[in-house]
Amino acid sequence: MKLSQAKECLHLVQAAAEGKTIQVSCENGARWKDLPLDFDIGDVVYPQYYRIKPLPTLRPWKPEEVPVGALLRSLTKSYEWVTIILGYNATEFCHPTFNDVPECSTFAEGLAKYEHSLDHGLTWKPCGVVTP
C-alpha cells in the first residue's frame, strides 16, 4: 500500500477502532457489503469504494404508511391511556384523546410524541419508518 493510499484510509481505521462498521463496494457504490471487524487494512485495494456504514435514522410516516387501527400511546404523558389511530389525511393522523375528543397530530408530532403497536400492546414502535 502506498503512503497516499494509507492517508486516504486513515478515517476508516479510526472508525473501525471506534467500533463502527466499514463497508466496501466494487460496483461504484451501487451495493455495499460489511467488512468483518478484523479486516486487514493492508488488504484494502483500490479502486474499490469504502465508507463508514451509515446509522439508521427515523423519518415520519407518509400518509400511505399510517397503520389505521393500530394502538397508540403517548411518550410524554404517563397518565394518558392507550388509544387507536382512527384515520389520516395528507398531513396528519387522527386519534381520540383520553377524554374521547378527536385530535389530529402531524406526522412529525407523531414521531416525537407517540409510539404504536400492531400486536395488541406486546411491542411498541416509533410512529415513523427506519431508513438505512
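The values are calculated or read from the model by the stated rules, or taken from the named source; none is laboratory data. Every value quoted in this text rests on a predicted model; they were computed, and no experiment measured them. Note that each Cβ is placed from the backbone with ideal geometry, even for glycine, and that neighbours are counted across all protein chains shown.
Condition check for E80 on (1) under 28 Å from W124 (Cα atoms); (2) surrounded by 13 or more Cβ atoms within 10 Å (Cβ to Cβ); (3) at pLDDT 80 or above: one failure, at (3). With the condition kept exactly as written, say whether any residue in region 35-49 is modelled with pLDDT of 80 or more and over 30 Å from G110 (Cα atoms). Checked region 35-49: at least one residue is modelled with pLDDT of 80 or more and over 30 Å from G110 (Cα atoms).
Checking the structure you have, find out if any residue of region 92-106 is part of a loop (DSSP other than H, G, I, E, B) and either in contact with a strand residue (DSSP E or B) (Cβ under 6 Å, 6 or more places away or on another chain) or within 30 Å of L35 (Cα to Cα) (or both). Within region 92-106, one or more residues are part of a loop (DSSP other than H, G, I, E, B) and either in contact with a strand residue (DSSP E or B) (Cβ under 6 Å, 6 or more places away or on another chain) or within 30 Å of L35 (Cα to Cα) (or both).
Tell me yes or no: at least one residue of region 104-112 is without any contact (Cβ under 8 Å) to a residue 12 or more places away in the chain and either of a type in the set (S, T, N, Q) or loosely packed, with under 12 Cβ neighbours inside 10 Å (or both). No, region 104-112 contains no residue that is without any contact (Cβ under 8 Å) to a residue 12 or more places away in the chain and either of a type in the set (S, T, N, Q) or loosely packed, with under 12 Cβ neighbours inside 10 Å (or both).
Residue check: is P67 modelled with pLDDT of 80 or more and under 30 Å from T91 (Cβ atoms)? So P67 fits the description; yes.
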